[in-house]
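Read through the structure below, which is laid out as structure tokens, and then see the notes.
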Amino acid sequence: MNIFKHEFKMNFKSTIIWSLSIAVLIFVFMSLFSTIAADADLMNEAIAQMPEELLMAFGMNNVDFASVLGYFSFIFLFCQVCLAIQASNYGISLVSVEEREMTADFLLAKPIARNKILTNKLLAVITNLTITNVVVWISSFVFLNMFRDGREYETKTLVMILLTIVLFQLFFLSVGVVLSLLMKRVRSVTPLSMALAFGMFVVNAFSGMLGDSKLELITPFKHFDPNYISANAAYDTPLVLISVSVILISIVGSYMLYQRRNIHTAV
């Protein structure tokens, strides 16, 4: 039984939908860049009238709309929300889908260790997420160069922003798996994945509004803030390391929980 192939095929359709959706999002926003950049002064004046807390919540403070990367950093936040929902969805459904459909006992009855089952499942969804990652990379470079209106941008900084996608996806994937294994039974994946993704986004918004650095420790939206990377051409290393730690702990915890999990049968 090829678990990897089965898991990959199961998520392939949604992978294509998510990938194309994010590509369209980048295309639509970048197609507006020349118009917005031409009126950047008016845009900045309008934004200056908004409450500082609101601007910080949506990552609009200190955004240079006349800069290619400044503008891209702003729209990349919306891409991150999509990436978070997709990865959370795959993580939460990774193990729970068989339990919910009462087919887990059939899978576990096969002569294959649970660790190997989980490994194949993780590799399959990581492959799915990699497809989305590649599409985002291609779309970003193509549409930035198509709509940059002759303005220059630092390629290295753009690459740094896009490189964060891997860890960002792994954070929500691994945390999603752990959450599903901590629950007795997952009845519906979508509400949980939306709650995880938007919950982290809201925490990021509140950390900006309240200026509470402790909240920054929780959310990867802050760990991989595209505005920070664009402005400094560098990562906030301590925050990135927190995400890496959460990923490693979540993956190890997933194997431990899955080994001990009492699987519900169809009988």
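The values are calculated or read from the model by the stated rules, or taken from the named source; none is laboratory data. All values reported here derive from a predicted model rather than from experimental measurement. As a convention, Cβ positions derive from the backbone with ideal geometry for all residues, glycine included, and neighbour counts pool all protein chains shown.
Summary table below
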item	result
Given (1) under 22 Å from ILE92 (Cβ atoms); (2) at pLDDT 90 or above; (3) crowded, with 21+ Cβ neighbours inside 10 Å, index of the condition PRO226 fails	(1)
Failed criterion for ILE47 (all others in (1) in a helix (DSSP H, G or I); (2) under 23 Å from SER207 (Cα atoms); (3) at pLDDT 75 or above hold)	(3)
Matching entry among THR155, THR219 (being at pLDDT 90 or above and surrounded by 19 or more Cβ atoms within 10 Å (Cβ to Cβ))	THR219
Residues (among the aromatic types (Phe, Trp, Tyr) and modelled with pLDDT under 95) located in the range 1-23	PHE4, PHE8
Within the range 17-49, tally of residues that are among the β-branched types (Val, Ile, Thr) and free of Cβ contacts under 8 Å to residues at least 24 places away in the same chain	5
Residue tally, condition over 18 Å from ILE251 (Cβ atoms) and free of Cβ contacts under 8 Å to residues at least 60 places away in the same chain, over the range 151-182	4
Enumeration of residues in the range 21-34 that are under 13 Å from ARG148 (Cβ atoms) and surrounded by fewer than 19 Cβ atoms within 10 Å (Cβ to Cβ)	SER31, LEU32, SER34
Failed condition for GLU52, given (1) at pLDDT below 90; (2) under 23 Å from PHE221 (Cβ atoms); (3) surrounded by 17 or more Cβ atoms within 10 Å (Cβ to Cβ)	(3)
Matching helices (runs of 4 or more DSSP H) fully within the range 62-148 where at least 1 residues are at pLDDT 95 or above	68-100, 114-147
